[in-house]
Amino acid sequence: MKPSRIEHIGIAVKSIEESRKYYEEVLGLECYKIEEVADQKVKTAFFRIGDTKIELLESTDAEGTIAKFIEKKGPGIHHIAYAVDHVDEALAETEAKGIQLIDKKGRKGADNLTIGFLHPKSTEGVLTELCSQ
Ligand code: ZN
(Lines give C-alpha, C1' and ligand atoms only; values in the text may rest on other atoms or scores of the structure.)
Protein backbone atom coordinates (compact mmCIF):
# COMPACT_ATOMS: atom_id res chain seq x y z
CA MET A 1 0.00 0.00 0.00
CA LYS A 2 1.23 3.43 -0.89
CA PRO A 3 -1.15 6.36 -0.42
CA SER A 4 -1.23 8.68 -3.43
CA ARG A 5 -2.04 11.87 -1.52
CA ILE A 6 -3.69 13.29 1.55
CA GLU A 7 -7.36 12.96 0.65
CA HIS A 8 -8.52 15.23 3.45
CA ILE A 9 -7.83 16.50 6.94
CA GLY A 10 -10.66 16.01 9.43
CA ILE A 11 -11.18 18.80 11.94
CA ALA A 12 -13.49 18.51 14.95
CA VAL A 13 -15.60 21.62 15.52
CA LYS A 14 -18.35 22.49 17.95
CA SER A 15 -20.47 24.13 15.28
CA ILE A 16 -20.10 23.99 11.51
CA GLU A 17 -22.22 27.14 11.22
CA GLU A 18 -19.73 29.04 13.38
CA SER A 19 -16.49 27.43 12.22
CA ARG A 20 -17.18 27.61 8.50
CA LYS A 21 -16.87 31.41 8.69
CA TYR A 22 -13.13 31.10 9.23
CA TYR A 23 -12.72 28.82 6.21
CA GLU A 24 -14.95 30.93 3.99
CA GLU A 25 -14.31 34.48 5.11
CA VAL A 26 -10.66 34.32 6.15
CA LEU A 27 -9.21 31.55 3.97
CA GLY A 28 -11.63 32.19 1.11
CA LEU A 29 -12.50 28.51 0.61
CA GLU A 30 -15.86 27.38 -0.66
CA CYS A 31 -18.00 24.82 1.13
CA TYR A 32 -19.19 22.46 -1.61
CA LYS A 33 -21.08 19.98 0.54
CA ILE A 34 -22.71 19.55 3.94
CA GLU A 35 -23.65 16.00 4.71
CA GLU A 36 -24.90 14.18 7.77
CA VAL A 37 -23.56 10.68 8.37
CA ALA A 38 -26.16 9.25 10.71
CA ASP A 39 -24.36 6.07 11.78
CA GLN A 40 -21.26 8.06 12.74
CA LYS A 41 -23.34 10.71 14.52
CA VAL A 42 -21.69 13.55 12.65
CA LYS A 43 -22.49 16.37 10.32
CA THR A 44 -19.67 17.11 7.88
CA ALA A 45 -18.76 20.12 5.74
CA PHE A 46 -16.25 19.87 2.90
CA PHE A 47 -13.93 22.48 1.42
CA ARG A 48 -11.71 21.71 -1.54
CA ILE A 49 -8.18 23.04 -1.50
CA GLY A 50 -5.99 22.01 -4.44
CA ASP A 51 -5.77 18.25 -4.54
CA THR A 52 -7.08 17.78 -1.03
CA LYS A 53 -9.95 18.77 1.24
CA ILE A 54 -10.78 20.00 4.68
CA GLU A 55 -13.57 18.05 6.40
CA LEU A 56 -15.22 19.78 9.34
CA LEU A 57 -16.90 17.37 11.77
CA GLU A 58 -19.66 18.40 14.12
CA SER A 59 -21.24 15.90 16.48
CA THR A 60 -24.98 15.35 16.17
CA ASP A 61 -25.08 13.45 19.46
CA ALA A 62 -23.63 14.27 22.88
CA GLU A 63 -22.35 10.67 23.08
CA GLY A 64 -20.79 10.68 19.62
CA THR A 65 -17.05 10.22 19.06
CA ILE A 66 -16.59 13.82 17.94
CA ALA A 67 -18.40 15.16 21.00
CA LYS A 68 -16.16 13.01 23.20
CA PHE A 69 -13.04 14.09 21.31
CA ILE A 70 -13.88 17.78 21.84
CA GLU A 71 -14.69 17.14 25.49
CA LYS A 72 -11.26 15.61 26.01
CA LYS A 73 -9.03 17.63 23.71
CA GLY A 74 -11.03 20.62 22.53
CA PRO A 75 -11.75 21.45 18.89
CA GLY A 76 -8.93 20.84 16.41
CA ILE A 77 -7.37 18.33 14.04
CA HIS A 78 -9.12 14.98 14.46
CA HIS A 79 -7.69 12.77 11.73
CA ILE A 80 -5.67 12.61 8.52
CA ALA A 81 -7.09 10.68 5.59
CA TYR A 82 -4.87 9.08 2.94
CA ALA A 83 -6.13 8.14 -0.50
CA VAL A 84 -5.45 4.49 -1.39
CA ASP A 85 -6.54 2.34 -4.34
CA HIS A 86 -8.46 -0.26 -2.33
CA VAL A 87 -9.40 0.29 1.30
CA ASP A 88 -9.96 -3.39 2.16
CA GLU A 89 -6.59 -4.42 0.71
CA ALA A 90 -4.85 -1.50 2.39
CA LEU A 91 -6.42 -2.36 5.76
CA ALA A 92 -5.36 -6.01 5.46
CA GLU A 93 -1.85 -5.02 4.46
CA THR A 94 -1.61 -2.55 7.32
CA GLU A 95 -2.86 -5.10 9.84
CA ALA A 96 -0.30 -7.60 8.58
CA LYS A 97 2.36 -5.05 9.48
CA GLY A 98 1.15 -5.07 13.08
CA ILE A 99 -1.06 -1.98 13.04
CA GLN A 100 -4.18 -2.03 15.19
CA LEU A 101 -7.29 -1.38 13.12
CA ILE A 102 -10.50 0.33 14.15
CA ASP A 103 -12.25 -0.95 11.01
CA LYS A 104 -11.44 -4.42 9.71
CA LYS A 105 -13.32 -3.67 6.50
CA GLY A 106 -14.05 -0.52 4.57
CA ARG A 107 -17.37 1.18 5.24
CA LYS A 108 -19.29 4.01 3.70
CA GLY A 109 -18.05 7.43 4.73
CA ALA A 110 -19.05 10.99 3.85
CA ASP A 111 -18.52 12.44 0.36
CA ASN A 112 -18.97 9.08 -1.43
CA LEU A 113 -15.84 7.54 0.01
CA THR A 114 -15.16 4.07 1.31
CA ILE A 115 -13.23 4.53 4.53
CA GLY A 116 -11.42 2.58 7.24
CA PHE A 117 -9.69 3.85 10.36
CA LEU A 118 -6.38 2.80 11.94
CA HIS A 119 -5.99 3.12 15.69
CA PRO A 120 -3.91 6.11 16.84
CA LYS A 121 -2.19 3.85 19.40
CA SER A 122 -0.28 2.25 16.56
CA THR A 123 0.00 5.21 14.17
CA GLU A 124 2.22 7.52 16.20
CA GLY A 125 -0.70 9.24 17.88
CA VAL A 126 -2.54 10.33 14.74
CA LEU A 127 -5.98 8.91 14.05
CA THR A 128 -5.54 7.74 10.46
CA GLU A 129 -8.20 7.13 7.84
CA LEU A 130 -7.63 5.24 4.61
CA CYS A 131 -10.10 6.00 1.86
CA SER A 132 -10.93 5.42 -1.76
CA GLN A 133 -13.64 6.53 -4.15
ZN1 ZN B 1 -12.42 11.80 7.28
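The values are calculated or read from the model by the stated rules, or taken from the named source; none is laboratory data. None of the values given here were measured: they were computed from a predicted structure. Positions of Cβ are generated from backbone atoms using ideal geometry, with glycine treated the same way; all protein chains shown enter the neighbour counts. Side chains are part of the model used for accessible areas, which takes the heavy atoms of the whole protein and leaves out ligands, DNA and RNA. Shrake-Rupley method; radii C 1.70, N 1.55, O 1.52, S 1.80 Å.
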Set the bar at 27 Å for Cα to Cα. Now go through LYS73/LYS121; LYS2/LYS72; LYS53/LYS73; LYS41/LYS73; LYS2/LYS104 and name every pair that lies beyond it. LYS2/LYS72
Separation of the LYS73 and LEU27 label points, Cα + 7 Å toward Cβ, nm: 1.7
Go through ILE54, VAL37, ALA67 and say which Cα lies farthest out towards the positive end of the charge dipole of region 1-71; charges sit on Cβ, +1 for Lys and Arg, -1 for Asp and Glu. ILE54
Bin width 10 Å, alpha-carbon pairs only: give the P(r) of region 5-132 as whole percents, running from 0 to the bin holding the largest distance. 13, 44, 34, 8, 0
First compute the accessible area of the chain with a 1.4 Å probe, then give the percent of it belonging to carbon and sulfur atoms. 51
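Against the empirical 2.2 N^0.38 Å scaling, what ratio does the C-alpha Rg of region 1-80 come to? Numbers along the way, then the final one.
Values: Rg = 12.7 Å, N = 80, 2.2 N^0.38 = 11.6 Å.
Taking N as the residue count of region 1-80, the ratio is 1.09.
Within the chain, what's the longest run with no trypsin sites (Lys or Arg not before Pro) in a DSSP loop and at most 14 other beta-carbon atoms within 10 Å? Give the range, please. Mind showing how you got there, number by number?
On the way: sites that count: LYS14, LYS97, LYS104, LYS105.
Free of exposed loop sites, the longest segment is 15-96.
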Sparsely packed GluC sites (Glu not before Pro) within region 30-133, loop by DSSP, other Cβ within 10 Å at most 14: GLU30, GLU63, GLU124
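Could you give the size of the charge dipole of the chain about its Cα centre, using +1 on the Cβ of each K and R and -1 on the Cβ of each D and E, expressed in debye and rounded to the nearest 20?
Value, rounded to 20: 280 debye.
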Theoretical ellipticity at 222 nm over the chain - DSSP helices of four or more residues, -39500 (n - 2.57) apiece, nearest 500: -5000 deg cm²/dmol
Gaussian network model of the chain, springs between alpha carbon atoms under 10 Å - residue of LEU91, LEU27, LEU101 with greatest fluctuation: LEU27
Whichever aspartates and glutamates have a C-alpha closer than 18 Å to that of LYS33, once near sequence neighbours (fewer than 8 apart) are set aside: GLU7, GLU17, GLU18, GLU24, GLU25, ASP51, GLU55, GLU58, ASP111
Calculate how steeply helix 87-96 sits against the longest principal axis of the alpha-carbon atoms of the chain, using the helix alpha-carbon long axis, and give the answer as 0 to 90 degrees to the nearest 10. 60
